[in-house]
Amino acid sequence: MRRSPLKSALLYGSVIGSLAVILFPVYWLFVTALSTTFELSGLPPSFWPENPQWWIFGKVWSERPIPRWLTNSAIAAIGSVVLSMFVSVLAGYALSRFRVRGGHSLGLFILTAKMLPATLLVIPLFALFSRLGMLGSLWTLIFAHSTLIIPFTTWMLKGYFDTIPRELEQAAMVDGCSPLGAMLRVILPVSAPGLAATALYAFVLSWADYAYARTFLVNAQSNWTANLGIATMRGEYTTDWNEISAAAVFVAIPIILIYLFLERYLVGGLTAGSEK
């Protein structure tokens, strides 16, 4: 059925409007980075600087430990993804395939844990890590981020596993696979879109964290993550917002690249779990 011109205009108009709202903060981030301090303090604001200072990116990269901050963020995020995916795959598969008493209630309890605010867990986690002598280590972030990631990723993977026919595992076990072997050799390859979408969610959640890094790593400058490092660039009396924006661009680039790499899996992985 052919769409009417009015409906097409409304559709494209809504898409363009949504993109404008979503991309304007990213555009303004670049404008802030390329503007001088004088231009940023003037009113009304300029939507493009007269003389863009492209050199600000090289200055920030050389004067600030951006590579080390990014490396620490990557270590914490990758570690959180690996730990969370290991637990979530097994837990989600068990909730999907095995029928135990209270299994549905257990799944809802796990999902409810995701609703707890991150700040609610800061104090007990700080006390625990302090007693274990782990404060200042990136391991604190890996474990702390996993407490937030695992509940949602478990529920997300459980929904995805529910869409995969059980006959695939049964056929594999007829051929001699154990239940664990059927999961590793048959189910996980088929679940690649769902795994990719879940891993991307876990990575972004860990990469964007500031509260836990500020609490657990404040006295370990060598282990500062990118978000914590950028927060320290704010001065007591004056703040160079153009330098902070330039540093924020470096922090955003890895997420953009990862999304572009996993984009083909993302949509299918996010929607498949809702199909029954």
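The values are calculated or read from the model by the stated rules, or taken from the named source; none is laboratory data. If you're wondering where the values come from, they're calculated on a predicted model, not measured in any experiment. Backbone-built Cβ (ideal geometry, glycine too); neighbour counts: all protein chains shown. Note: areas computed on protein heavy atoms with side chains; ligands, DNA, RNA excluded. Shrake-Rupley method; radii C 1.70, N 1.55, O 1.52, S 1.80 Å.
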message = Just to confirm the number: angle between the C-alpha axis of helix 241-272 and the first principal axis of the chain, 0 to 90 degrees, nearest 10?
response = 20
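Expressed as a rounded percentage, what relative contact order does the chain have, with Cα pairs under 8 Å and six or more residues apart? The partial results should precede the final answer.
Values: 279 pairs, mean separation 82.1, N = 276.
Normalised by residue count, the contact order of the chain is 30 percent.
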message = Along the charge dipole of the stretch 116-257, pointing to its positive end and built from +1/-1 on Cβ of Lys, Arg, Asp and Glu, which listed residue (A118, H145, S130) has its Cα farthest out?
response = S130
key: Distant-in-sequence amide H partners of T239 (H built 1.01 Å from N, under 5 Å)   = none
key: Estimated vicinal HN-Hα couplings, Hz - the stretch 213-218 in sequence order (Karplus 6.51, -1.76, 1.60; Gly, Pro = x)   = 4, 5, 7, 8, 10, 4
message = For R264, project a label point 7 Å along Cα to C-beta. Then give me every residue of the stretch 161-196 with its amide nitrogen under 18 Å of that point.
response = 189-196
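Give me the orientation-averaged projected area of the Cα convex hull of the stretch 63-271, in nm², one decimal. Please report the intermediate quantities before stating the final value.
Working: hull surface 56.7 nm².
Taking a quarter of the hull surface, the average projection is 14.2 nm².
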query = When the label point is put 7 Å from the Cα of T232 along its Cα-to-beta-carbon vector, which residues of the stretch 112-156 have a backbone N closer than 15 Å?
reply = 136-138
request  = Report the relative contact order of the stretch 86-224, percent, no decimals, based on alpha-carbon pairs under 8 angstrom and at least 6 residues apart.
outcome  = 36
message = Which order do you get for Y27, Y212, Y237, Y12 if you rank them by accessible area with a 1.4 Å probe, largest at the top?
response = Y237, Y12, Y27, Y212
query = What is the helix-to-structure angle for 5-34, meaning the angle in degrees between its Cα long axis and the longest Cα principal axis of the chain, kept from 0 to 90 and rounded to the nearest 10?
reply = 60
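I'd like the carbon and sulfur percentage of the solvent accessible area for the chain, probe radius 1.4 Å, heavy atoms only, ligands and nucleic acids excluded.
Values: 11280 of 16420 Å².
Using a 1.4 Å probe with all protein chains present, the chain comes out at 69 percent carbon and sulfur.
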note = Taking 162-169, 18-25 and ranking on average Cβ neighbours within 10 Å, highest first, one gets 162-169, 18-25
message = I'd like the Karplus ³J(HN,Hα) series for the stretch 115-120: coefficients 6.51, -1.76, 1.60, θ = phi - 60°, whole numbers in Hz, and an x wherever there's a Gly or Pro.
response = 6, 5, x, 4, 5, 5
query = Among M156, L260, A246, whose Cα sits farthest toward the positive end of the charge dipole of the stretch 63-271 (+1 at Cβ of Lys/Arg, -1 at Cβ of Asp/Glu, about the Cα centre)?
reply = M156
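Taking the Cα centre of the chain as origin and charging only Cβ (+1 Lys, Arg; -1 Asp, Glu), how large is the dipole, in debye to the nearest 20?
Values: 18 positive and 13 negative charges, 171 e Å.
Once rounded to the nearest 20, the dipole reads 820 debye.
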key: Integer Hz, Karplus 6.51/-1.76/1.60 couplings in order for the stretch 76-81, x for Gly and Pro   = 5, 5, 5, x, 5, 5
message = Per-residue counts of other Cβ atoms within 10 Å, averaged by peptide: what ranking do you get for 186-193, 121-128, highest first?
response = 186-193, 121-128
